[in-house]
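Where a number appears in this text, it was derived from the coordinates with a stated rule and is not lab data. Small disclaimer: the values here were computed from a predicted structure and weren't measured. FYI the Cβ positions are ideal-geometry reconstructions off the backbone, even for glycines, and counts take in every protein chain you see.
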Amino acid sequence: MRKVKLAFLFACKAIGLFRIMGWVTRHRLRILCYHGFSLSDEAAFRPKLFISVERFEKRLQSLRRYRMRVVPLDEAIERLYARALPDRSTVITFDDGFHSFYELAVPCLKRYGFPATVYVTTYYVRKAAPIFRLVVQYMFWKTKRRSIALVAVPWSNDRSVDLTNSEERAKVVWECIDYGEQRCAEDQRRDICAELGRLLGVSYDEIVKSRSLHLMSPEELGSLPAADVSVGLHTHRHRFPADDRASAEREIAENRAELDRCTGRTAPHFCYPSGSWAEFQWEWLQDLHIKSSTTCVPGLNTAGTPRYALLRFLDGDDVHELEFEAALCGLSDLLRAMVSVLSLGRGVGATS
Ligand SMILES: [Zn+2]
């Protein structure tokens with residue numbers, strides 16, 4: 001199926017449809033979304049979460065080739081709603097604030113002279129430790145062991161786990177994550193990870209040393225070039241609960257305070273953690289004086305797009321260059337709309 005899709009996109013590009021669509025959608029705002037960068041094999045582990053810097057650089061080359069105008073987020077939002085957006089405006093955003101963003105993406109963006117926004121979730125900024133749930137998943141992905149014997153680990157009963165069985169494997173991964181997240185302090189989580197590394201034959205110390213699953217440190221955050229990289233809100237603990245307004249507001253307040261301490265800058269824009277949101281939360285954001293919020297819903301933005309539901313293209317290491325270009329020029333939007341009309345037509349046909 002993927003091959004058919006790519007062959008179709010190749011044909012569309014060959015007959016000049018990418019260029020035509022780029023012209024048709026030139027007044028719309030493109031917002032690109034990235035997360036972390038691969039310092040070793042993270043892109044193979046989670047290709048939607050990590051991308052190689054080589055692939056990222058190719059994307060920046062495509063932006064130049066299509067003569068996209070990369071603008072800072074704040075300026076893009078102001079001009080979008082003032083209906084004064086320059087043609088082919090594009091914003092580049094990064095979620096979470098990984099150390100690898102600082103190490104690999106910032107120098108790359110600088111070479112191209114492109115501004116960007118990084119939405120930072122701050123809990124792990126001062127922890128100097130890898131993100132717990134991510135490192136647990138990574139170690140289970142990395143291990144060459146086919147089975148492990150759990151004996152006297154605090155997070156599970158004694159048993160043998162067949163790691164070649166994907167269901168059993170997923171169950172044990174979440175058992176460990178849930179225990180660590182719900183019942184442990186960060187020090188205890190580190191002990192769990194070190195012990196897990198020994199069980200799985202994966203060096204936890206090496207992961208810590210590489211900082212591949214770390215967020216930026218306070219010093220790194222503070223030394224981001226203010227003229228090129230703006231900082232955005234992403235909550236303190238990467239959650240924005242729809243069923244608890246007070247807790248959601250606390251998340252923003254703690255996130256804001258920590259970003260202010262590290263950077264001395266205000267962060268007026270927000271990105272929903274895990275892309276989950278509800279329309280009634282827009283009022284909360286307005287009361288918190290937040291100027292815009294980005295989602296993980298794909299598409300290009302117009303002045304009619306709600307400012308608290310901005311659309312973004314989620315790029316990753318598993319996205320083919322043709323898919324990226326199709327999204328950039330707006331062809332993906334057109335295809336999605338066509339598919340939706342066709343499936344609606346089929347639905348009506350089935351019921352009538
Ligand atoms: Zn996030």
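One residue alone among 210, 203, 276 is in contact with a helix residue (DSSP H, G or I) (Cβ under 8 Å, 6 or more places away or on another chain) and of a type in the set (S, T, N, Q), and that residue is 203. Only one of the numbered conditions (1) polar (S, T, N, Q); (2) away from the ligand (no atom under 16 Å from the Cβ); (3) buried (at least 17 other Cβ atoms within 10 Å of the Cβ) is not met by residue 62, and that is (3).
Take the conditions among the charged types (D, E, K, R), farther than 30 Å from residue 221 by Cα and surrounded by 20 or more Cβ atoms within 10 Å (Cβ to Cβ) and apply them to residue 279. Does it pass? The answer is no for residue 279.
Considering 198, 169, 239, which residue is touching a helix residue (DSSP H, G or I) at 6+ places or on another chain (Cβ under 9 Å), exposed (fewer than 15 other Cβ atoms within 10 Å of the Cβ) and either within 24 Å of residue 42 (Cα to Cα) or in contact (Cβ under 8 Å) with a residue 12 or more places away in the chain (or both)? On inspection, the qualifying residue turns out to be 198. Among the residues of the stretch 70-86, those that are surrounded by fewer than 16 Cβ atoms within 10 Å (Cβ to Cβ) and charged (D, E, K, R) comprise 75, 78, 83.
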